[in-house]
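Asks: Let me begin by handing over the structure; questions about it come next.
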Amino acid sequence: MTTRSDFKTIVRARMARTGENYTTARAALELDREAARIAHERLIRPHVEGAGEHLRLLRIPARRRPRFAVLLELLARFVPGETYTETQVNAILRPVHDDVAYLRRELIDYRLLERDALGTYWVAPRPPVRDGNEAQETGDWERI
């Protein structure tokens, strides 16, 4: 079973678009999820050690696609709907890599985190619309 609460809605949308029955649409989406997960892990593997809470960034990837994949891993450390001060964001990112300012800026630049003028941070409520080069760099894992 999936952890995404809207998965059934996604399956039904695919059914309406393709005419597939529920089982076929769900199986196709599960295959897409698995392929995206494998591609995501392949991108981050050379740049990290450990996993989950023990993930440590060995180096910040120079190429955008692997860098974005790493940022998605970091995003999992933030709780949607909660707000964070800059100090709290730094405390969450510091165990991963010492250059917390760079990681924080990248999370903002890729619109994964949002920030107001007072320095309050939160997870973007919806993935941003990406087009052109940015859409190619981000891959499928963000949508899933």
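Asks: For a quick check of your reading: which helices (runs of 4 or more DSSP H) sit entirely within region 1-95 and have at least 1 residues that are under 18 Å from Arg105 (Cβ atoms)?
Replies: 64-75, 86-93
Asks: Sticking with this structure for a sec: For the structure I just gave you, tell me whether Val70 is touching a residue at least 40 places away in the same chain (Cβ under 8 Å) and either among the acidic types (Asp, Glu) or out of contact with any Cys (no Cβ under 6 Å at 6 or more places or on another chain) (or both). Write out each step before concluding.
Replies: On the way: touching a residue at least 40 places away in the same chain (Cβ under 8 Å): no; either among the acidic types (Asp, Glu) or out of contact with any Cys (no Cβ under 6 Å at 6 or more places or on another chain) (or both): yes.
Spelling it out, it is not the case that Val70 is touching a residue at least 40 places away in the same chain (Cβ under 8 Å) and either among the acidic types (Asp, Glu) or out of contact with any Cys (no Cβ under 6 Å at 6 or more places or on another chain) (or both).
Asks: Which pairs have Cβ atoms under 6 Å, sit 6 or more apart or on different chains, and link a residue in region 33-57 that is in contact (Cβ under 8 Å) with a residue 60 or more places away in the chain to one that is surrounded by fewer than 16 Cβ atoms within 10 Å (Cβ to Cβ) and not small (Gly, Ala, Ser)?
Replies: What qualifies is Ala36/Asp140.
Asks: Still on this model: With respect to Asp140, is the statement that it is assigned to a loop (DSSP other than H, G, I, E, B), at pLDDT below 95 and more than 16 Å from the chain's Cα centre (by Cα) true?
Replies: So Asp140 fails the test.
Asks: Do any residues in region 80-98 that are free of Cβ contacts under 8 Å to residues at least 12 places away in the same chain have Cβ atoms under 7 Å from those of residues that are buried (at least 17 other Cβ atoms within 10 Å of the Cβ), where the two are at least six apart or on different chains, and which pairs are they?
Replies: Within 7 Å, the pairs are Arg94/Val100.
Asks: Inspect region 64-79 for any residue being surrounded by fewer than 13 Cβ atoms within 10 Å (Cβ to Cβ) and under 23 Å from Val129 (Cα atoms) and give the result as yes or no.
Replies: As a first pass, look at region 64-79 and keep what is surrounded by fewer than 13 Cβ atoms within 10 Å (Cβ to Cβ): 76, 79.
Subsequent filtering for residues that are under 23 Å from Val129 (Cα atoms) retains 76, 79.
Looking for residues that are surrounded by fewer than 13 Cβ atoms within 10 Å (Cβ to Cβ) and under 23 Å from Val129 (Cα atoms), one finds at least one in region 64-79, hence yes.
Asks: Mind checking which residues of region 119-137 are of a type outside the set (D, E, K, R), assigned to a loop (DSSP other than H, G, I, E, B) and at pLDDT below 95?
Replies: Hits for region 119-137 are Gly119, Ala124, Pro125, Pro127, Pro128, Val129, Gly132.
Asks: All but one of (1) surrounded by 11 or more Cβ atoms within 10 Å (Cβ to Cβ); (2) over 20 Å from Arg126 (Cα atoms); (3) hydroxyl-bearing (Ser, Thr, Tyr) hold for Thr83; which doesn't?
Replies: (2)
The values are calculated or read from the model by the stated rules, or taken from the named source; none is laboratory data. Note that the coordinates shown come from a computational prediction; the quantities given were computed from them, not determined experimentally. Every residue, glycine among them, receives a Cβ derived from its backbone with ideal geometry; neighbour counts consider all protein chains shown.
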